[in-house]
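Data block below; observations after.
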C-alpha cells in the first residue's frame, strides 16, 4: 500500500527541484497546490496553459511521481462578488487543465462563513458555484474533490452528504480527512463519527488525507503527524480498504523529519486494514 504527500510540505520551490525532492523521499504521488508549492512559475488565474501544465506534470512524471490531486483551495462561498467570481473561475481553470498535469482530481475545502447570520446566503453561493463547476468537470472528465473541515460551511459527514445529494454527478467526490471531522465535543465519539462518514460518503470517496490529533492541556485538539496522536487509525484503514481499496492517501501535518516514519505508518497500517 502507498502513501503520498501534500507537495508544499516539502517547501515552496522550483517545480523541477520539488519533483526531485518528492522522488528522493520515495513518494509515488502528490497533492499539488500550485500556488503553495511552486516558486518559479506564475500559476495565478489566467496563466495556466496546456504547455505549462504538461511541463510541470512531465517534470514529476520523469521522476516517476504522479500528480494524484491538484489542490485549488479557494472559498466557494464568498459573499463579495468579485472574490467569489475570481475563486470560481480559478477552480474552473484548474479543471480545464487537470488532464495536462496528469491529475484526475481537483480538490478544495469550500470556505468558512464570514457571517454565521447569513448562512442561507453562503449555501446559495456554494450551490451556485457547484452548478458551474460540475458542468465544467463533466465537460473535461475531471473529478471535483470536496473536503469537509471544521469551521467551514461543509464541516461534517452530514453536511457533505447533503451537498452530494444535491449534486449526484459522478464528477463530484469526497476527499476524506477523518481529523477534519473531529472537534473537542465529538472526539470521544470518534469511532461513531468515522463510521458515519463511511456510511454516508463511502461510495463517493476519491482520496484521503492522513494526519493525527491529540488533546492539549486544556482539552483542545492539536494536529500532529499520522501515528503520533489518538485517532483510531485501525478502524479508519479497515473502512477505507473496505470501501476504496488502493485509494490515494496523502500525508498532511508532517515536517520533513517526520515524513519517512509517517509514510511507513500509513503503508503498514493500510496493508493490515
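Values quoted throughout were computed directly from the atomic coordinates according to the rules given, and no laboratory measurement underlies them. Bear in mind the structure is a predicted one, so any value in this text is a computation, not a measurement.
By DSSP, what percent of the beta bridges with both residues in the stretch 4-272 are antiparallel, rounded to the nearest 5? That works out to approximately 10 percent antiparallel. Legend: P(r) of the stretch 39-185 from all alpha carbon pair distances, 5 Å bins from 0, whole percents, reading 2, 10, 18, 22, 19, 14, 9, 5, 1, 0, 0.
Taking a ≥ b ≥ c as the square roots of the eigenvalues of the alpha-carbon gyration tensor, the stretch 151-225 is classed prolate because a/c is 1.5 or more and a/b outweighs b/c.
Below 8 Å, C-alpha to C-alpha, sequence gap of six or more: please give me the relative contact order for the stretch 4-272 in percent. Provide the component values of the computation, followed by the final result.
Details: 504 pairs, mean separation 41.2, N = 269.
Reported as a whole number, the value is 15 percent.
Jot down the per residue volume, in cubic angstrom and as a whole number, of the convex hull over the alpha-carbon atoms of the stretch 32-106. Expressed per residue, the convex hull around the Cα atoms of the stretch 32-106 is 81 Å³. Each 10 Å bin, from zero up to the one with the longest distance, holds this percent of the alpha carbon pairs of the chain: 7, 30, 36, 23, 4, 0.
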